[in-house]
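I have placed the structure first, in the form of structure tokens, so that the comments after it can refer back to it.
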Amino acid sequence: METVVSGIRSTGCLHLGNYFGAVGNFLKMQDDKDYHCYFFIADLHSLTTHPTPDDFKRNTNEVLIDYLACGMDPEKVVLYAQSDVPEIAQLYLLLNMIAYKGELEKVASFKDKIRKHDENVNAGLLTYPVLMAADILIHKATKVPVGKDQVQHLEMTRNFSNRFNHLYKNDFFPECFPFTFSGNPIAVPGLDGTGKMGKSDGNGIYLRDEPEVIRKKVMKAVTDSGPTQPNSKMPDSIKNIFTLLKLVSQEATVAHFEVAYNNCNIRYGDLKKQLAEDIILFTNPMREKIKSIIYDKTYQEKVLKMGAEKARESASKTLNGVREIVGMNKI
Ligand code: ADP
Ligand code: TRP
């Protein structure tokens, strides 16, 4: 059995990028007997932006509800909130001692954050990859289902685990690698003609968006005046629409619009309408499930409690192993 860990930050509800980049793989892994899965809500990671206590709690529950609505089964996987497992924070402290300022400053996501929010460059942001490494190493995971944007962070996790092993002359931590069933981590684009779909990029199509909202968002997708030469290369904005279409629509639908594009008789209005309806169809069961559990606080608390207990069992074993290696008493 291989151990699997992944999480999503509680900085907003889940969008199609989170689904196809991460959760879709979580769901397949939970049904595979070869994997022992730990999936969590990365709520400590959300503290870098100083949410109010009410927001902190609400955001954690939002991700929990979305996870459950996608079909994550707390009986099959260990599903927990990161802040309910204090062992992670302790491992994070110990890993911080072997993480260097220079390497942390070079991380692309950190440089990006500085560029966008230079008013709040805190140490939590700088050491974000260390906390992420602690999330993974606390269960000694070897496979981490994530989207393309997280690949560099996993490289850092491998650096820290190898450095720890080397420093203390052991092979306590295994190496972990990104995982997707398709072979390559994917990046789901936004429909605004820019880069990937992201919570903080204001271009998310959320699993819990109502059909009308989805239609509006998709109809606003950036397009151009259309191809004038048969079989011409697609500009990024059109390629992005097709990327989403391929994720949610039937193959025949995709083929129909590809032929139309290549023959220069594509109508972008029809393409967008089809995409919107297929996204609505795809997300319908999740919206229904969200409605059925959103007010059931007792169920939500029960799931988190059960997950925390199981996660702490594994986490405390690893932490005690590390404490012993470092020279500390077991706790
Ligand atoms: P966001 O980027 O929207 O803030 P997170 O950083 O919490 O979301 O990402 C959670 C998971 O979802 C990660 O595994 C990440 O790689 C994946 N993910 C997020 N956005 C995308 C996207 N547009 N395409 C593919 N995967 C994504
Ligand atoms: N950093 C990840 C993101 O922004 C979320 C995350 C935190 C994570 N800890 C993790 C993902 C551990 C996988 C494993 O998407």
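Is it true that some residue in region 122-139 is within 16 Å of ligand 1 (Cβ to nearest atom) and hydroxyl-bearing (Ser, Thr, Tyr)? Yes; the residues of region 122-139 include at least one that is within 16 Å of ligand 1 (Cβ to nearest atom) and hydroxyl-bearing (Ser, Thr, Tyr).
Within region 153-174, the set of residues being part of a helix (DSSP H, G or I), surrounded by fewer than 16 Cβ atoms within 10 Å (Cβ to Cβ) and either among the basic types (Lys, Arg) or within 16 Å of ligand 1 (Cβ to nearest atom) (or both) comprises Glu155, Arg163.
In region 1-21, the residues that are at negative phi and near ligand 1 (Cβ under 6 Å from one of its atoms) reach residues that are among the aromatic types (Phe, Trp, Tyr) and open to solvent by less than 30 Å² (accessible area, probe 1.4 Å) with C-beta atoms within less than 9 angstrom, at least six apart or across chains, in these pairs: Ile8/Phe39; Ile8/Phe40; Ile8/Tyr67.
Taken together, the residues in region 185-216 that are touching a helix residue (DSSP H, G or I) at 6+ places or on another chain (Cβ under 8 Å) and free of Cβ contacts under 8 Å to residues at least 24 places away in the same chain amount to 2. Residues in region 288-331 that are within 19 Å of Val78 (Cα to Cα) and at pLDDT below 95: there are none.
Rundown of residues vs (1) within 16 Å of ligand 2 (Cβ to nearest atom); (2) open to solvent by 40 Å² or more (accessible area, probe 1.4 Å); (3) assigned by TED's automatic domain parsing to the domain that holds Lys116; (4) touching a residue at least 24 places away in the same chain (Cβ under 8 Å), yes/no style:
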position: Val23; (1), (2), (3), (4): yes, no, yes, yes
position: Met29; (1), (2), (3), (4): yes, no, yes, yes
position: Cys37; (1), (2), (3), (4): yes, no, yes, yes
position: Ser46; (1), (2), (3), (4): yes, no, yes, yes
position: Thr49; (1), (2), (3), (4): yes, yes, yes, yes
position: Leu68; (1), (2), (3), (4): no, no, yes, yes
position: Met72; (1), (2), (3), (4): yes, no, yes, yes
position: Lys76; (1), (2), (3), (4): no, yes, yes, yes
position: Leu95; (1), (2), (3), (4): yes, no, yes, yes
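With Lys217, Lys273 as the choices, which residue is more than 16 Å from ligand 2 (Cβ to nearest atom), more than 30 Å from Asp32 (Cβ to Cβ) and open to solvent by 80 Å² or more (accessible area, probe 1.4 Å)? After applying the criteria, what remains is Lys273.
Has region 248-259 got at least one residue that is surrounded by 17 or more Cβ atoms within 10 Å (Cβ to Cβ) and within 16 Å of ligand 1 (Cβ to nearest atom)? Scanning region 248-259 turns up at least one residue that is surrounded by 17 or more Cβ atoms within 10 Å (Cβ to Cβ) and within 16 Å of ligand 1 (Cβ to nearest atom). Of the residues examined, Pro178 is one that is more than 16 Å from Asp236 (Cβ to Cβ), open to solvent by 40 Å² or more (accessible area, probe 1.4 Å), in contact with a Pro (Cβ under 9 Å, 6 or more places away or on another chain) and within 11 Å of ligand 1 (Cβ to nearest atom). Taking the condition assigned to a loop (DSSP other than H, G, I, E, B) and among the polar types (S, T, N, Q), does Asn120 pass? Criteria met by Asn120. Taking region 56-101 as the range and being on the phi < 0 side of the Ramachandran plot and part of a loop (DSSP other than H, G, I, E, B) as the test, the residues that pass are Met72, Asp73, Pro74, Glu75, Lys76, Val77, Val85, Met97, Ile98, Ala99, Tyr100.
Do we find that Lys220 is in contact (Cβ under 8 Å) with a residue 24 or more places away in the chain and either within 16 Å of ligand 1 (Cβ to nearest atom) or touching a Cys at 6+ places or on another chain (Cβ under 8 Å) (or both) in this structure? So Lys220 does not fit the description; no.
The values are calculated or read from the model by the stated rules, or taken from the named source; none is laboratory data. Predicted model, so just to flag it, every value in this text is computed and none were measured. All Cβ positions, even for glycine, are placed from backbone atoms using ideal geometry, and neighbour counts span all protein chains on display. These accessible areas exclude ligands, DNA and RNA; they are computed on the full protein's heavy atoms, side chains included. Shrake-Rupley method; radii C 1.70, N 1.55, O 1.52, S 1.80 Å.
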